[in-house]
Amino acid sequence: MATQPTSEVNRPHFTNSWNNPSPQTPPEPEPIPDGRIAHTLTACTRCRQRKSRCDPGIPKCTPCERSNAKCVYFDSARKCTIPRSYIVSLREKARRLEKELEDVEKDFQHAADAELMVRGPGRIRFKENDEARFLGASSGIAITRLVMEMAKQNTDSKSIKDVVPELTAQEIKQAFELESSKPTSKVYPIFSPNLQHELPPKPTTAKLVDIFMVKVQAMLPTLHEPTFRQEVENVFNGSEDPSENFQLRMVIAISMQKMDPYYAVLADGHYLAALTYLEPTLRRMDLKSLQCLVLIGQYSMLTPTRTAAYWVVGMASKLCQDLGLTEERTITKGPNGEDLDPLEVDMRRRLFWIVTSMELGLSHSLGRPSCYSVSHDHVRVKFFELVDDKYITPNGIIPGGKPILRKCLAVHFFENATTTA
């Protein structure tokens with residue numbers, strides 16, 4: 001049996017745990033490791049047989065290294081001989097596993113698990129120098145990460161770059177730019193560099209308003225049709241009312257988006273022109289302001305915009321609460337407690353259900369909590385009138401009107417939205 005070196009570094013130190021050192025005596029500094037094995041190794045089999053001195057050298061002791069012999073020792077726990085180089089292999093394996101763990105942790109910093117993707121909070125800047133705001137998972141990044149996570153689970157890829165290689169992404173981008181540069185290209189721009197200050201000719205505007213009433217107003221009755229058509233006449237007659245100008249330009253932009261992608265850039269120009277009237281419109285903080293926010297939300301859901309849909313719908317939800325639209329006992333009352341006329345009450349009901357359906361839909365799809373503090377089971381607001389808009393006046397509902405199909409479909413759509421949310 002070979003004896004171990006008796007140097008100060010390898011000599012064990014015993015302390016009595018029952019005797020506390022005096023506070024005047026500073027603790028002795030721990031010896032700095034010099035790279036040698038921290039545990040005691042059994043003498044190798046060759047040194048045992050030769051009864052020679054064995055040292056804890058790795059991967060061989062000095063006698064075995066000198067004679068170029070195989071250095072093994074007997075492991076009493078495993079009941080077998082193990083080469084000392086096994087410790088080296090364990091070291092290499094530990095380093096390799098640490099490296100793999102580090103790579104995996106780096107990857108998971110960019111792609112969190114599904115629960116964190118859906119429910120994890122986030123802070124987002126709307127502008128480059130803007131203050132970061134808490135929006136939960138509502139930035140849309142959660143959906144992207146969820147899709148990429150599912151793609152990585154169904155493939156052998158370890159990162160997003162493996163799912164979509166950089167070379168492939170560059171080729172797709174070049175192909176898109178080449179196609180969009182052709183005269184016969186079907187790839188149309190969606191952003192306009194300039195504002196479209198001029199309105200289309202009056203007959204064209206009338207057709208665009210008709211398209212809006214058929215394709216948008218049928219499911220989301222945001223506007224009172226007779227009132228809006230009168231406001232269109234007012235704008236063409238020179239009205240400078242910001243809400244009237246804003247709503248007309250937003251209706252034109254939404255109708256162009258509904259028609260064909262070819263008109264996307266023109267629609268964006270009218271959208272930018274409408275935004276110039278947004279600030280004075282929102283300053284009123286009334287039902288007209290809420291209508292304008294709803295129109296922006298509808299446009300944002302049709303095409304990528306410079307304003308996020310969840311931000312606009314969130315503002316509309318907050319304004320609904322401020323105006324008292326979320327409770328049946330306050331929806332028929334004005335800010336001073338006075339009774340409102342039937343037309344305004346009907347519009348308040350419409351806008352509440354439109355904003356609620358948009359809010360619940362975005363909350364469900366983006367994985368963020370709803371802006372309302374109550375669930376849909378506790379909504380007590382009644383639905384709006386089902387008759388045509390021409391029968392709804394400030395003086396009351398004109399007798400003789402019957403429920404029309406498009407409003408019945410809108411009510412069914414709102415009921416379905418609250419159920420699926």
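The values are calculated or read from the model by the stated rules, or taken from the named source; none is laboratory data. Remember, predicted model here, so these are calculated numbers, not experimental data. As a convention, Cβ positions derive from the backbone with ideal geometry for all residues, glycine included, and neighbour counts pool all protein chains shown.
Check the stretch 239-248 and report whether any residue there is over 30 Å from the mean Cα position of the chain (by Cα), more than 22 Å from A316 (Cα to Cα) and free of Cβ contacts under 8 Å to residues at least 12 places away in the same chain. Among the residues of the stretch 239-248, at least one is over 30 Å from the mean Cα position of the chain (by Cα), more than 22 Å from A316 (Cα to Cα) and free of Cβ contacts under 8 Å to residues at least 12 places away in the same chain, which makes the answer yes. Within the stretch 68-90, at least one residue is modelled with pLDDT of 80 or more, aromatic (F, W, Y), loosely packed, with under 15 Cβ neighbours inside 10 Å and out of contact with any strand residue (DSSP E or B) (no Cβ under 6 Å at 6 or more places or on another chain). Residues of the stretch 58-67 that are within 20 Å of E92 (Cβ to Cβ), of a type outside the set (A, V, I, L, M, F, W, C) and surrounded by 14 or more Cβ atoms within 10 Å (Cβ to Cβ): P59, K60.
Please specify each residue of the stretch 276-286 satisfying the condition of being surrounded by fewer than 18 Cβ atoms within 10 Å (Cβ to Cβ) and of a type outside the set (S, T, Y).
Pass one, the stretch 276-286, residues surrounded by fewer than 18 Cβ atoms within 10 Å (Cβ to Cβ): 276, 279-280, 283-286.
E279, P280, R283, R284, M285, D286, listed by residue number.
When F383 is tested against (1) touching a Leu at 6+ places or on another chain (Cβ under 6 Å); (2) not in a helix (DSSP H, G or I), just one condition goes unmet, and that condition is (1).
Within the stretch 396-421, the set of residues being part of a loop (DSSP other than H, G, I, E, B), closer than 13 Å to L386 by Cβ and aliphatic (A, V, I, L, M) comprises just one member, I404. Of the set (1) at pLDDT 90 or above; (2) under 29 Å from the mean Cα position of the chain (by Cα), all apply to V345 but (2).
Against the test of being modelled with pLDDT under 90 and either polar (S, T, N, Q) or not assigned by the TED database to the domain that holds K390 (or both), the options S180, S243 yield a single qualifying residue, S180.
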